[in-house]
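Chemist: Shown below is the structure under consideration.
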Amino acid sequence: MHKRLVNELRLDFLIAPQGPLLIKSGKEAGADPTLLDMNFVRTNHIELGRTVYLPGSSLKGTVRSYCEKIGRTVGLEVCNPLSDESCGRRLERKARRASGAEIYRDLCPICRLFGHTVMASHVWFADAYPTPGTIKAVNDTEERDGVAIDRISGAVAVGPFQLEVVTRGVFQARLTVRNFQLWQVGLLAVALRDMADGRVPIGFAKSRGLGQVTLTYQRLQISYPGQFGQAGDLNFGANLYGVTAFGIEEDYGFFPEAPLPMPAPRQVKPEWGRITLTFEDAADIEALFKATVRSWADYVAQSAGG
Ligand SMILES: [Zn+2]
């Protein structure tokens, strides 16, 4: 959608496994006798060397699926991205090439945030690597017996086989959201809160109790283009502003939103270039996220079942 960057939110946080965790690598053991049947995904990191990690695409996929579930639970129309009736497939079938605004208007709430085949995402998860102090603990993986469960019948299909799991250590994660509406931050806040409570497992064999994690918020940065603060009508120190505050003229069908007063306001010096607010107190970050849940609730109240 719009190419101009207006608001941006960046959250640095830690992910810690609370038990066995497995993000599968594409490589299965095959004929290599030194590999387990299912191995944790690894990469060559420029500073850490060869290490297991949590790919950003896996983290995003997990959070997206969970947000889809939340959306359906509250009665929103949410597409199934794998189905033929997904927003992406539907738009691909249209004869005429639609404009950015037309595409955006036509999307379900989840695709508006996470993107799909014909529109880029507003949400990015960076690859999460072990923190410097826990590289050894994270890479000191364990072997577990696994049994593959047939997803339809629930019968045991194959196995038992060996799984490589991470059980200790901490991963450094980063979430970035650009050109967001406040309700979208609220939805992400609900998903992160549930993940922090261990209710959103990640990776393989979630139904077998793997993938429990906890989150710790470290730093939240919110930034805006400075010239809007200079103009005087936006108070970046006191309010959180969604994309509609920045006068994007084309009709994207945005949900109308008032600025959200921040629970921990602060002084912001007007300047040219970008203005950035930094929160480094986990309680402040949680309070701000909690405030955005109201924006999500307002969106749901106006949009569900309609
Ligand atoms: Zn959709």
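The values are calculated or read from the model by the stated rules, or taken from the named source; none is laboratory data. The model shown is predicted, which means the values in this text are computed figures rather than measured ones. Methodologically, a virtual Cβ is constructed for each residue, glycine included, from the backbone with ideal geometry; neighbour enumeration extends over all protein chains shown. Quick note on the areas: whole protein, heavy atoms, side chains included, nothing else; ligands and nucleic acids left out. Shrake-Rupley method; radii C 1.70, N 1.55, O 1.52, S 1.80 Å.
Chemist: With the checklist (1) aliphatic (A, V, I, L, M); (2) within 16 Å of the ligand (Cβ to nearest atom); (3) open to solvent by 10 Å² or more (accessible area, probe 1.4 Å) in hand, flag the one item V41 doesn't pass.
Modeler: Among (1) aliphatic (A, V, I, L, M); (2) within 16 Å of the ligand (Cβ to nearest atom); (3) open to solvent by 10 Å² or more (accessible area, probe 1.4 Å), V41 violates only (2).
Chemist: Taking region 110-121, which residues are open to solvent by 10 Å² or more (accessible area, probe 1.4 Å) and either part of a helix (DSSP H, G or I) or not small (G, A, S) (or both)?
Modeler: Hits for region 110-121 are R112, H116, T117, V118, M119.
Chemist: For region 3-34, which residues satisfy the criterion of being loosely packed, with under 13 Cβ neighbours inside 10 Å, part of a loop (DSSP other than H, G, I, E, B) and modelled with pLDDT under 85?
Modeler: K3, R4, G30, A31, D32, P33, T34
Chemist: How many residues does region 44-60 hold that are open to solvent by 30 Å² or more (accessible area, probe 1.4 Å) and under 30 Å from D298 (Cα atoms)?
Modeler: Within region 44-60, residues that are open to solvent by 30 Å² or more (accessible area, probe 1.4 Å) and under 30 Å from D298 (Cα atoms) number 3.
Chemist: Does at least one position in region 105-113 carry a residue that is among the basic types (K, R) and either within 14 Å of the ligand (Cβ to nearest atom) or within 17 Å of the chain's Cα centre (by Cα) (or both)?
Modeler: yes
Chemist: Let me ask something else. State yes or no: is K136 open to solvent by 70 Å² or more (accessible area, probe 1.4 Å) and not small (G, A, S)?
Modeler: yes
Chemist: For region 255-273, which residues satisfy the criterion of being outside any loop (DSSP other than H, G, I, E, B) and either among the hydroxyl-bearing types (S, T, Y) or surrounded by 13 or more Cβ atoms within 10 Å (Cβ to Cβ) (or both)?
Modeler: Of everything in region 255-273, just one residue is outside any loop (DSSP other than H, G, I, E, B) and either among the hydroxyl-bearing types (S, T, Y) or surrounded by 13 or more Cβ atoms within 10 Å (Cβ to Cβ) (or both), namely L260.
Chemist: Which residues, counting only those in region 117-128, are within 16 Å of the ligand (Cβ to nearest atom), more than 13 Å from Y252 (Cβ to Cβ) and in contact with a Lys or Arg (Cβ under 9 Å, 6 or more places away or on another chain)?
Modeler: T117, S121, V123
Chemist: In region 71-98, what count of residues is obtained for those that are more than 14 Å from the ligand (Cβ to nearest atom) and surrounded by 13 or more Cβ atoms within 10 Å (Cβ to Cβ)?
Modeler: The number of residues fulfilling the criteria is 2.
Chemist: Do we find a residue being loosely packed, with under 13 Cβ neighbours inside 10 Å and touching a residue at least 40 places away in the same chain (Cβ under 8 Å) anywhere in region 282-302?
Modeler: yes
Chemist: Then there is this: Quick one: what pairs do we get from region 59-81, first residue without any contact (Cβ under 8 Å) to a residue 24 or more places away in the chain, second in a helix (DSSP H, G or I) and near the ligand (Cβ under 10 Å from one of its atoms), C-beta under 9 Å, 6+ apart or different chains?
Modeler: Every condition considered, the pairs that remain are N80/E68.
Chemist: Quick one: S65 ticks every box in (1) more than 15 Å from the ligand (Cβ to nearest atom); (2) in a helix (DSSP H, G or I); (3) of a type outside the set (F, W, Y) bar one, so which box is it?
Modeler: (1)
Chemist: Next up: Of the conditions (1) over 21 Å from the mean Cα position of the chain (by Cα); (2) at pLDDT 95 or above; (3) among the hydrophobic types (A, V, I, L, M, F, W, C), V177 fails just one. Which one is it?
Modeler: The one condition V177 does not meet is (1).
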